[in-house]
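One structure below.
What follows draws every value from the coordinates through simple rules; no lab data is involved. The structure presented is a predicted model; accordingly, all values stated were derived computationally and were not measured. Every residue, glycine as well, gets a Cβ built from its backbone with ideal geometry; the counts of neighbours run over all protein chains shown.
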Amino acid sequence: MKDGRPVNLDISTMKLPITAWASISHRVSGILTIPIFALFLWVLQLSLESKESFQILQENFSAPLAKVFIILVLTVYSYHLLAGIKHLIMDLGYGETFEGGVIGAKLLFACTGISFILISWWLW
Amino acid sequence: MNVTVFNRSGISDWILQRASSVIMLAYSLTVASAVIPDTSYEAWSVFMTQTWMRGFSTLALLAMIAHSWIGVWAVLTDYVTVRMLGSLGERLRLFLLVLMGILLLVYLLWGVFIIWGFI
C-alpha cells in the first residue's frame, strides 16, 4: 500500500447492509476471543488442578454476575464459531450472491440467538 | 512480500485458517458433548486426561495459535496502516504483532503445561 492512490471510502457515511454487520462482528468477536482464550485456559487449569480447585471454580461460577459474564463470553465464542461455519459454507460456493449473503447473515443472527438461549438455559 | 504472514504465502495462510477453524470447531463440540451431560469433577478429569484427548487438546491449542495469528494479522493490515494512522501505522502494527506473538507464546506454554498435567 505504498502507491498513494486516493481512497474515497468513509464507512461512517454509509448505511451498511446486514452482510457488512455480519462480517464486521465476525472480526470483532474474533479479536474478543483472544482474551477469552486466556479465561478458558485459566478455567481449564483450575478445573483440572484438583477436586478442591474445581469446586472453588464451580462455587464462583454460581454467582449471578459470574453466570451473566460466562453466558456472554460463550455467546461471543459461539457467534464466532457460527460465523466461521457460514464462511466455510460460502467458501464451498453456497450463498455467494448478495441475496444469499443476506439470508446467510439473517440465519447467522438467528442461530446466535438460539445458541444464546441454549447457553443461558444450560448455565442458569 | 510481508514477512509477518504466518507462512509467507497467502494461499497457505488461507488453508491453515480454515483447517484450524475446523479443528477448533470439532474440539469445541467434543468438549461440550462431554461436559454438558456430566459436570462432575470425576467425569471431567477422567475425560480430559485420556491420552487421545490430551493429544486433541494440544492440536486444538496449536490450531488456536495459528488461527489467532492469521486473524490478527489480517485485521491489523486492514486497520493499523499508514493510510489509517499516518507514518506511525507501520511501526504500531509491528509492535502489536510482536505483542501478539509474545501473548500466543505464553498461551502455548501455559496450555501445554495444563493439558499434560505439569501444573
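Under a Gaussian network description of chain A, with springs only between Cα atoms under 10 Å, the residue in A:Lys67, A:Lys51, A:Lys86 that fluctuates furthest is A:Lys51.
Comparing B:Leu97, B:Val82, B:Leu61 along the charge dipole axis of region B:11-116, the residue lying farthest to the positive side is B:Val82, per the Cβ-charge model.
State which helices in chain A qualify, where a helix is a whole DSSP H run, it must extend 30 Å or more along its own axis by its Cα atoms, and its mean Kyte-Doolittle hydropathy must be at least 0.5. Kindly include the intermediate steps, with their values, before the conclusion.
Working: long enough: A:18-49 (44 Å, 1.30); A:64-91 (40 Å, 1.35); A:98-123 (37 Å, 1.49).
Helices meeting the span and hydropathy rule in chain A are A:18-49, A:64-91, A:98-123.
The dipole here belongs to chain A: it is taken about the Cα centre, uses +1 on the Cβ of Lys and Arg and -1 on the Cβ of Asp and Glu, and is about 220 debye.
Of the GluC sites (Glu not before Pro) found in region A:1-100, no site is in coil according to DSSP while having at most 10 other Cβ atoms within 10 Å of its Cβ.
Sort out for me the Cα centre separation of region A:4-46 from region B:21-64, rounded to whole Å. The two parts, judged by their Cα centres, are 26 Å apart. Using a/c under 1.5 as the rounded threshold, could you call region B:11-116 rounded, prolate or oblate? The axes a ≥ b ≥ c are square roots of the C-alpha gyration tensor eigenvalues, and prolate needs a/b larger than b/c, oblate otherwise. Taking the square roots of the gyration eigenvalues as a ≥ b ≥ c, region B:11-116 is prolate. Across every pair of non-identical alpha carbons in the protein assembly as shown, the mean reciprocal distance, once inverted, gives a Kirkwood radius of 20.0 Å.
Quick one: dipole size for the protein assembly as shown, taken about the Cα centre, charges +1 on Lys/Arg Cβ and -1 on Asp/Glu Cβ, in debye to the nearest 20. Before the final figure, lay out each step's value.
Working: 14 positive and 13 negative charges, 107 e Å.
So the magnitude is around 520 debye.
Result for chain B in a Gaussian network model with C-alpha springs under 10 Å: among B:Ser21, B:Ser45, B:Ser12, the largest mean-square fluctuation is at B:Ser45. Over chain B, Cα pairs under 8 Å with separation of 6+ residues give a relative contact order of 29 percent.
Largest first, the three principal axis extents of the alpha carbons in chain A are 60, 35, 29 Å in whole numbers. Label positions at A:Val7 and B:Arg91, each projected 7 Å from the Cα along the C-beta direction, are separated by 2.0 nm.
For chain A, set up a GNM with springs between Cα atoms under 10 Å and report which of A:Ile24, A:Ile11, A:Ile56 has the largest fluctuation. Looking only at A:Ile24, A:Ile11, A:Ile56, the largest GNM fluctuation is found for A:Ile11. Residues within the reach of a label modelled at B:Leu108 (point 7 angstrom out along Cα to beta-carbon, backbone nitrogen below 19 Å), restricted to region A:41-80, are A:41-42. Projecting the Cα atoms of B:Thr30, A:Ser62, A:Ala83 onto the charge dipole of the protein assembly as shown (Cβ charges, centred on the Cα centre) puts A:Ala83 farthest toward the positive pole.
Treating only the Cβ of Lys, Arg, Asp and Glu as charged (+1, +1, -1, -1), what charge dipole size does region B:31-119 show about its Cα centre? Round to the nearest 20 debye.
On the way: 4 positive and 4 negative charges, 68 e Å.
The calculated dipole for region B:31-119 is roughly 320 debye.
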